[in-house]
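Visitor: Just dropping this structure here.
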């Protein structure tokens, strides 16, 4: 009887959490509820702050050699996780890539969205900063077309932590994307599987004041980039000025 009650409560809480996250996602997909300019600008600024704070702690940061060899970096600030035993997650962030086939400067940011299932055992609701380090351009090919599933369309591994941490294991060399999370001050590699990432076209339109294709934003010079959008690019340039092969 007690076991049945526990499972019933878990199912009810999980259903409520998924419903809340689903409604939030549907609202963002509704053309009549397009994001505001301030909301999109805040997203870019928050992503830059997350990256700066993470890289500001050498012994707990993303290894420098990984950043210097990667092609793209995505940051989803305050991604919402909710659940009981199982969980759901939803968040919005930004991504920037090295232009000129990976050899050029960092691009202007393109907006993205992410949703999916559980990150592991959890109870309640939690906000987590998520960072995805894309090691090769094939890791974002599907995203540029429509959307992709982490662990399905792109191999994802939990990234090592520490500015001088070794990043030359077979698993890391095979992974297209390395994932990290920061929650309650704790920064660590994260295993992701099944989460869906896609371009946030509405937010790109709000930011650039025109229909902006993600591929054009990430791999070609963009005219009229607003000052708010350059904050994330500037931070990436600061922590990893150029590609190291």
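Visitor: Could you list, in sequence order, the residues of the stretch 227-245 that are farther than 22 Å from residue 67 by Cα and more than 21 Å from the chain's Cα centre (by Cα)?
Guide: Looking only at the stretch 227-245, we keep the residues that are farther than 22 Å from residue 67 by Cα, and these are 227-228.
Hit for the stretch 227-245 is 227, nothing else.
Visitor: Same structure, new question: Sort out which residues of the stretch 163-182 are at pLDDT 75 or above, part of a loop (DSSP other than H, G, I, E, B) and either touching a helix residue (DSSP H, G or I) at 6+ places or on another chain (Cβ under 7 Å) or on the phi > 0 side of the Ramachandran plot (or both), and write them in order of number.
Guide: Step one: filter the stretch 163-182 for residues at pLDDT 75 or above, giving 175-182.
If we keep only those that are part of a loop (DSSP other than H, G, I, E, B) as well, we get 175-176.
Selection gives 176 alone.
Visitor: Now, a different point. Can you confirm whether the stretch 190-210 contains a residue that is in contact with a helix residue (DSSP H, G or I) (Cβ under 8 Å, 6 or more places away or on another chain), more than 14 Å from residue 96 (Cβ to Cβ), modelled with pLDDT under 85 and surrounded by fewer than 19 Cβ atoms within 10 Å (Cβ to Cβ)?
Guide: Checking the stretch 190-210: not a single residue is in contact with a helix residue (DSSP H, G or I) (Cβ under 8 Å, 6 or more places away or on another chain), more than 14 Å from residue 96 (Cβ to Cβ), modelled with pLDDT under 85 and surrounded by fewer than 19 Cβ atoms within 10 Å (Cβ to Cβ).
Visitor: Here's something else I'd like to know. Being farther than 23 Å from residue 64 by Cβ, in a loop (DSSP other than H, G, I, E, B) and at pLDDT below 90 is true for just one of 160, 221. Which residue is that?
Guide: Details: 160 fails: farther than 23 Å from residue 64 by Cβ.
None of the others qualify; the one that does is 221.
Visitor: Moving on. Can you name the residue in the stretch 110-148 that is part of a strand (DSSP E or B), modelled with pLDDT of 85 or more and touching a helix residue (DSSP H, G or I) at 6+ places or on another chain (Cβ under 8 Å) and, of all such residues, is nearest to residue 219 (Cα to Cα)? It would help to see each step written out before you state the result.
Guide: Narrowing the stretch 110-148 to residues part of a strand (DSSP E or B): 110-116, 123-134, 147-148.
With modelled with pLDDT of 85 or more added as a condition, the list becomes 110-115, 128-134.
From what's left, touching a helix residue (DSSP H, G or I) at 6+ places or on another chain (Cβ under 8 Å): 110-113, 115, 129, 131, 133.
On the way: 110: 10, 111: 14, 112: 16, 113: 19, 115: 25, 129: 25, 131: 20, 133: 17 Å.
The qualifying residue nearest to residue 219 (Cα to Cα) is 110.
Visitor: Let me ask another. Please list, ordered by residue number, the helices (runs of 4 or more DSSP H) wholly in the stretch 1-74 having 2 or more residues that are over 26 Å from residue 185 (Cβ atoms), at pLDDT below 80 and in contact with a helix residue (DSSP H, G or I) (Cβ under 9 Å, 6 or more places away or on another chain). Steps first, answer last, please.
Guide: Working: elements: 2-29, 37-55, 64-69.
Those helices (runs of 4 or more DSSP H) span 2-29.
The values are calculated or read from the model by the stated rules, or taken from the named source; none is laboratory data. Note that the structure is predicted; figures quoted are calculated from it, not measured. Here Cβ is always computed from backbone atoms with ideal geometry, including for glycine, and neighbour counts include all displayed protein chains.
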